[in-house]
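Written out below as structure tokens is the structure these notes cover.
The values are calculated or read from the model by the stated rules, or taken from the named source; none is laboratory data. Because the structure is predicted, anything quoted here is derived from the model rather than measured. Note that each Cβ is placed from the backbone with ideal geometry, even for glycine, and that neighbours are counted across all protein chains shown. Side chains are part of the model used for accessible areas, which takes the heavy atoms of the whole protein and leaves out ligands, DNA and RNA. Shrake-Rupley method; radii C 1.70, N 1.55, O 1.52, S 1.80 Å.
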Amino acid sequence: MEKASLVVLISGSGSNLQAIIDAINNGDLHAEIKAVISNQAAATGLQRAEKAGIPTHFVDHKLFSGRELFDQAIIRLIDHVKPDLVLLAGFMRILSPVFIKHYQQRLMNIHPSLLPKYKGLNTHRQAIENHDKIHGASVHYVNDELDSGPIVIQAEVPVLATDTADILAQRVLIEEHKIYPMAIQMHIEGRLTFNNKHLQFDNQPLLKALIWKDNQLNNHHGKLC
Ligand code: GRF
């Protein structure tokens, strides 16, 4: 089977990008990253990509007079390599409907909360302030509402009494690094499909996200692997 081609959009540390690179290198992910694009020149993720021999692009959103113009510039860069899947990995820009429509059903994001809880920023602080016992992360397809598209996998992480937002973020990130490559591989294998706008997993409607917990993947009937 030919390798799937990916483009990854980042703004910062790029630890999820690193997890994807590592999953490719150890054979868990049958893919090739064709390009990494950042809107921040200082993003550490750019160095991670360069180290892995992946072409990088820095596109400064401040040089564009509007969101759509920036998005169109990114679309041109992405389409140049014709990826099968576009991945947002800590990309801190809201994308315009034009961009989202263009990559409909082949645009994924990872968000550090159990969506639909805590869309947007400061998710870890909110989980602590609300005394949540369980927090986590979600991999989802992107639609035109912020952090709202169909969810593929959620990782559940306990919130401890001693947690600060930073400590909790670290615990969540460890699981993010597992579920993002997993969801990408499912997409690549054709296990995730759409019937109209409804997400299906192995040709069955995915009514509830798959749950990654205690190093096991479950659907709402029980253990998958
Ligand atoms: C992650 O927590 C991800 O869920 C969120 O932004 C953070 C990015 O971290 N979207 P990194 O750049 O992958 O280290």
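Listing for the model above:
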| item | result |
| --- | --- |
| Evaluation of LYS178 against (1) more than 12 Å from the ligand (Cβ to nearest atom); (2) among the charged types (D, E, K, R); (3) outside any helix (DSSP H, G or I); (4) under 20 Å from ILE10 (Cβ atoms) (one fails), failing number | (3) |
| Count of the range 1-21 residues which are away from the ligand (no atom under 12 Å from the Cβ) and open to solvent by less than 70 Å² (accessible area, probe 1.4 Å) | 4 |
| Condition check for ASP71: among the acidic types (Asp, Glu), in contact (Cβ under 8 Å) with a residue 24 or more places away in the chain and either open to solvent by less than 60 Å² (accessible area, probe 1.4 Å) or not assigned by TED's automatic domain parsing to the domain that holds ALA35 (or both) | yes |
| Options LEU85, LEU115; residue that is within 12 Å of the ligand (Cβ to nearest atom), touching a strand residue (DSSP E or B) at 6+ places or on another chain (Cβ under 6 Å) and under 29 Å from ALA169 (Cα atoms) | LEU115 |
| Checklist (1) surrounded by 15 or more Cβ atoms within 10 Å (Cβ to Cβ); (2) on the phi < 0 side of the Ramachandran plot; (3) not acidic (Asp, Glu) applied to TYR118, failing item | (2) |
| Matching strands (runs of 3 or more DSSP E) fully within the range 1-90 where at least 1 residues are among the polar types (S, T, N, Q) | 4-10, 31-38, 56-58 |
| Set LEU95, LEU69, LEU85: member being among the hydrophobic types (A, V, I, L, M, F, W, C) and touching a Leu at 6+ places or on another chain (Cβ under 6 Å) | LEU85 |
| Residue under evaluation LEU46, criteria (1) within 14 Å of the ligand (Cβ to nearest atom); (2) open to solvent by less than 10 Å² (accessible area, probe 1.4 Å), criterion not met | (2) |
| Lone qualifier among GLU175, GLU189 - being over 27 Å from LYS101 (Cβ atoms) and among the acidic types (Asp, Glu) | GLU175 |
| Pairs where the first residue, in the range 85-108, is among the hydroxyl-bearing types (Ser, Thr, Tyr) and the second is open to solvent by less than 70 Å² (accessible area, probe 1.4 Å) and not in a helix (DSSP H, G or I), C-beta under 7 Å, 6+ apart | TYR103/VAL86 |
| Residues satisfying the stated conditions in the range 25-37, i.e. surrounded by 21 or more Cβ atoms within 10 Å (Cβ to Cβ) and in contact (Cβ under 8 Å) with a residue 40 or more places away in the chain | LEU29, ALA31, ILE37 |
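One line per residue, one yes/no per condition, for (1) part of a loop (DSSP other than H, G, I, E, B); (2) open to solvent by 40 Å² or more (accessible area, probe 1.4 Å):
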site: PHE99; (1), (2): no, no
site: SER113; (1), (2): yes, no
site: ILE128; (1), (2): no, yes
site: ALA155; (1), (2): no, no
site: MET182; (1), (2): no, yes
